[in-house]
Structure formats: C-alpha cells, structure tokens
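Undergrad: Pasting a structure here, questions to come.
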Amino acid sequence: MGEESSRSLHDDDDDDAPTQNGKPPSSSMVDFLRHFAGTDGPPQIILLCLLLAVALGSTIGVVPAVMTDRYARLGHGYDGGTPCMDLARDERPEACRLGNDDAQNASAAVSFVSNVLTFVTSGLVGSISDERGRRSIMLAGMALSLLGPAWLVVMQLDERFSPFPFYAAHALSGVISWLAVSLSAMSDVIRPEWRAPSFGLVIAGFSAGFALSPFLAVYLSHLGVSVASLFILTGSFGYAVLRLPETLDGESAEQAR
C-alpha cells in the first residue's frame with residue numbers, strides 16, 4: 001500500500017515537471033512578450049538601441065578614411081586631388097602614411113579617454129538617475145552622441161576644419177553610458193523574473209543595429225553615410241523627446257534621495 005502511494009506521488013511530480021506556475025514554458029514566453037510589448041518604456045528603448053547602433057556603426061568605416069586624409073592635408077602638406085584612402089596602398093605618398101598614423105593614434109587615445117570617463121562617472125550617473133529619473137540622463141547621453149557625427153559632416157563640407165573637435169566630442173560621450181542607463185530603466189518596469197531576457201533584448205537591439213549598419217556604406221559616399229548617420233541620430237533624439245517615458249516612480253526616487 002505504501003509503495004503504491006509513493007509511486008502515485010512520483011507520477012504526480014512527473015506530470016507537473018514540464019510546467020511552471022501551472023503554465024507550460026511556451027505560455028511563459030508568450031506572457032513575457034506580451035508584458036514587454038505592453039509596458040511603457042521597453043519597446044521605445046529597444047527601438048532607440050537599434051537606431052543608435054545603425055547610426056553610429058555606419059560611420060565606423062568612414063571615420064578612418066576621412067581623418068587620415070584630413071591629417072595628411074593639415075599636418076603633412078598633402079595636396080593631391082584624390083583622398084588618401086582612395087589611392088592604392090603602394091601609391092600613397094608619405095604624407096598619407098603619416099596622416100594614417102596620426103588618425104590611428106588619435107582614435108586609440110580617444111577610446112582610452114572615453115572608457116576612463118565611463119569608468120569614473122558611471123557611479124555618479126547611476127546615482128543621479130536613481131534620484132532624478134532615467135529619461136533626462138538618457139536624453140543627455142543621446143545629445144552627447146550627436147556632437148561627433150555633426151562635426152564629421154561639417155569636416156567633409158569644409159577642408160579647413162580640424163579633426164580635434166570630433167575626437168573631443170567622441171571622448172565626451174563616454175561621460176554617460178546610455179546602454180547602462182537603459183538597462184536601469186528596464187529594471188524599473190520589468191518584473192524581476194523577466195529582467196534577464198529583457199536585458200538580452202537590449203543587447204540584441206544593439207547587435208542587430210551594428211549588423212545592419214554596413215549596408216549604408218555600400219550604397220552611399222562617405223559624406224552620404226555621415227549625413228544619413230546624423231539624420232538617424234537626430235530623428236532618434238526627437239523620437240526620444242516625444243515618446244520616451246520616465247520609468248522611475250516617485251517612491252523609488254524618494255527612497256534613493
């Protein structure tokens with residue numbers, strides 16, 4: 001009798017194993033997607049992640065070419081009619097090679113400064129966003145990300161302008177990590193058990209944007225890509241101003257203060 005009762009209990013456990021809280025796993029996934037899509041904030045953040053990645057990723061191949069030519073002309077006396085990077089490698093004059101070295105050194109220095117700024121300010125930015133809200137911090141981060149692409153366009157319209165403001169703007173953008181603040185915004189409105197897949201969607205949005213960004217360079221010139229990037233960033237900023245909600249509730253902000 002005892003064996004039959006034990007066997008019955010084991011059978012009941014096996015029947016319940018494939019479910020969670022009375023629902024099959026597929027139902028949990030559907031519930032997550034419905035919750036994610038129906039919550040004010042996460043869908044807007046995912047769209048902004050995608051657009052920002054497309055805009056910033058599309059200029060990755062443009063910046064080295066533009067900066068190499070500009071350093072060669074301003075710093076090393078290159079006056080050829082053809083941009084340095086459009087010449088065959090064995091046809092490039094010494095000025096172009098020196099300009100390329102300058103561009104690589106500037107890029108490395110800016111990456112270092114930007115990462116240091118992110119490391120130093122991330123705690124402070126996080127504290128401010130906990131007290132004052134996520135929306136204003138994310139808008140400030142997006143505004144900083146506009147400065148570099150705007151100067152990149154200006155540089156290509158006038159050959160007299162220096163690359164320094166572009167690199168300074170790029171370094172300054174490290175003050176606010178837009179991605180980190182967006183993850184905090186997700187945590188404000190997503191249920192704890194669904195935060196991990198929500199964070200995954202944020203990262204996927206960035207990855208998808210960077211995967212799509214090279215297609216702009218296939219069909220557009222360097223200036224065309226730069227203008228398109230600036231246009232996407234400006235449109236994204238306008239969308240954020242109009243549609244991005246504040247996810248931090250007043251009680252949480254008061255507790256943080």
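Undergrad: What is the residue count in region 87-103 for residues that are surrounded by 12 or more Cβ atoms within 10 Å (Cβ to Cβ) and free of Cβ contacts under 8 Å to residues at least 24 places away in the same chain?
TA: Result for region 87-103: 6.
One line per residue, one yes/no per condition, for (1) in contact with a helix residue (DSSP H, G or I) (Cβ under 7 Å, 6 or more places away or on another chain); (2) closer than 20 Å to L244 by Cβ:
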| residue | (1), (2) |
| --- | --- |
| A108 | no, no |
| S122 | yes, no |
| L139 | yes, yes |
| S145 | yes, yes |
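Undergrad: Inside region 133-157, can you point out the residues that are of a type in the set (K, R) and open to solvent by less than 50 Å² (accessible area, probe 1.4 Å)?
TA: Answer for region 133-157, where residues must be of a type in the set (K, R) and open to solvent by less than 50 Å² (accessible area, probe 1.4 Å): just R134.
Undergrad: Can I ask one more? Determine, yes or no, whether S122 is surrounded by 15 or more Cβ atoms within 10 Å (Cβ to Cβ), within 17 Å of the chain's Cα centre (by Cα), in a helix (DSSP H, G or I) and among the hydroxyl-bearing types (S, T, Y).
TA: Spelling it out, S122 is indeed surrounded by 15 or more Cβ atoms within 10 Å (Cβ to Cβ), within 17 Å of the chain's Cα centre (by Cα), in a helix (DSSP H, G or I) and among the hydroxyl-bearing types (S, T, Y).
Undergrad: Looking at (1) farther than 28 Å from G205 by Cα; (2) part of a helix (DSSP H, G or I); (3) at pLDDT below 90, find the lone condition where G81 falls short.
TA: Going through (1) farther than 28 Å from G205 by Cα; (2) part of a helix (DSSP H, G or I); (3) at pLDDT below 90 one by one, G81 breaks only (2).
Undergrad: Just one of (1) over 30 Å from E254 (Cα atoms); (2) open to solvent by 50 Å² or more (accessible area, probe 1.4 Å) trips up E193, so point out which.
TA: Tallying (1) over 30 Å from E254 (Cα atoms); (2) open to solvent by 50 Å² or more (accessible area, probe 1.4 Å), E193 fails exactly one: (1).
Undergrad: For region 37-69, which positions are open to solvent by 20 Å² or more (accessible area, probe 1.4 Å), assigned to a helix (DSSP H, G or I) and touching a residue at least 40 places away in the same chain (Cβ under 8 Å)?
TA: I46, L47, L50, L51, V54, L56, V63, P64
Undergrad: For the condition in contact (Cβ under 8 Å) with a residue 12 or more places away in the chain, open to solvent by 70 Å² or more (accessible area, probe 1.4 Å) and under 21 Å from G141 (Cα atoms), what is the one hit in T247, T234?
TA: Result: T234 is the single residue among T247, T234 that is in contact (Cβ under 8 Å) with a residue 12 or more places away in the chain, open to solvent by 70 Å² or more (accessible area, probe 1.4 Å) and under 21 Å from G141 (Cα atoms).
Undergrad: Return yes when D130 is open to solvent by 40 Å² or more (accessible area, probe 1.4 Å), touching an Asp or Glu at 6+ places or on another chain (Cβ under 9 Å), more than 25 Å from V227 (Cα to Cα) and not aromatic (F, W, Y) and no when it is not.
TA: In short, no.
The values are calculated or read from the model by the stated rules, or taken from the named source; none is laboratory data. A quick note: this is a predicted structure, and the numbers were derived from the prediction, not measured. So basically every Cβ, Gly included, is an ideal-geometry build from the backbone, and we count neighbours across all protein chains shown. Side chains included, ligands, DNA and RNA excluded: accessible areas come from the protein's heavy atoms. Shrake-Rupley method; radii C 1.70, N 1.55, O 1.52, S 1.80 Å.
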